[in-house]
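Trainee: Take this structure first; my questions come after.
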Amino acid sequence: MIKEKENIFEIVCPQCGAFIWIDGSLKSVIKVEKGRKKKESLEDLLAKERERQAAFDRKFEATAELEKKKKEKAREKFEKALEQMEDD
């Protein structure tokens, strides 16, 4: 049994943190465990939420400004058409 354990290698994936056990004598993967997520601090989570909220607010304001411009343009076209009708 000692020889069997000597041929088993545990590797940690640097990208995702998954644990992979490989049997050197069989040249095959024995077991794979998903990597554990790194726990974030409350301050980090709050900072991310504030950033997300700020981005949402910027998008909302841009959309509101666009709608305001659309209404102004429509009002101008309506007034121009009304003037043309009165001139005729």
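Throughout, read-outs are computed from the coordinates displayed, never taken from laboratory work. Just so it is clear, the structure is predicted and the values come from calculations on it, not from any experiment. Every residue, glycine as well, gets a Cβ built from its backbone with ideal geometry; the counts of neighbours run over all protein chains shown.
Trainee: Got the relative contact order for the chain handy, in percent, Cα pairs under 8 Å and 6 or more residues apart?
Mentor: Numbers: 53 pairs, mean separation 12.1, N = 88.
Computed over the chain, the figure is 14 percent.
Trainee: Still on this structure, please answer the following. Compute a Gaussian network model of the chain, connecting alpha carbons closer than 10 Å, and tell me which residue from L46, L26, L66 fluctuates the most.
Mentor: Maximum among the listed residues: L26.
Trainee: For K70, give me every one of the lysines with a C-alpha distance below 25 angstrom, ignoring sequence neighbours fewer than eight places off in its own chain.
Mentor: Candidates past the 8-residue exclusion: K59, K80.
Trainee: Excluding same-chain residues fewer than 8 positions from K73, which aspartates and glutamates have a Cα within less than 14 Å of its Cα?
Mentor: Within reach: E65.
Trainee: Could you point to the residue in Q84, A74, F19 farthest towards the positive end of the chain's charge dipole, with +1 and -1 charges on the Cβ of Lys/Arg and Asp/Glu respectively?
Mentor: Result: F19, furthest along the dipole toward the positive end.
Trainee: Work out the length of the dipole vector of the chain about its Cα centre, built from +1 on the beta-carbon of each Lys and Arg and -1 on the beta-carbon of each Asp and Glu, and round it to the nearest 20 debye. Spell out each step's value before the answer.
Mentor: Values: 22 positive and 21 negative charges, 144 e Å.
The calculated dipole for the chain is roughly 700 debye.
Trainee: Where a Cα-Cα gap under 15 Å defines reach, which aspartates and glutamates qualify for K34, not counting those fewer than 8 residues away within the same chain?
Mentor: In chain and number order, the partners are E10.
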